[in-house]
Amino acid sequence: MLINLGRLLMLFVWAFLILNLVQPFPRPLNIFVNVALIFMVLMHGLQLSLLKATQPKEGPPLSRAQQIRIFIFGVFELLAWQKQQKRPR
């Protein structure tokens, strides 16, 4: 439940940051939002690359869809992924 709320919040954050690219905000705010967008892309990219680097070679690889979801939703998707990995099969 809370993970889904976090995912929804992350979608709103992405929408706010991308909206600034389409329709720039007033002068001091648009610079801050551009910096926040760059920071978010870097942090989510770093998060995804660290996860991929720590995956065991013999384990199942991350699919392209999982990678995109982890990049977009960040830690919320990682928490859901971790919970799914701990489930007995």
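Only the coordinates and a few stated rules stand behind these numbers; no lab work does. Quick caveat: nothing in here was measured; it's all calculated off a predicted structure. Methodologically, a virtual Cβ is constructed for each residue, glycine included, from the backbone with ideal geometry; neighbour enumeration extends over all protein chains shown.
Couple of notes before you dig in:
- Here Ile72 meets the list (1) loosely packed, with under 11 Cβ neighbours inside 10 Å; (2) in contact (Cβ under 8 Å) with a residue 60 or more places away in the chain almost entirely, failing just condition (1).
- Of the residues examined, Glu58 is one that is exposed (fewer than 12 other Cβ atoms within 10 Å of the Cβ) and of a type in the set (D, E, K, R).
- Every pair of residues 6+ apart whose Cβ atoms lie under 6 Å, when the first sits in segment 25-43 and is loosely packed, with under 11 Cβ neighbours inside 10 Å while the second is of a type in the set (D, E, K, R) and assigned to a helix (DSSP H, G or I): none
- Number of residues in segment 7-57 that are out of contact with any Asp or Glu (no Cβ under 9 Å at 6 or more places or on another chain) and closer than 16 Å to Ile72 by Cα equals 28.
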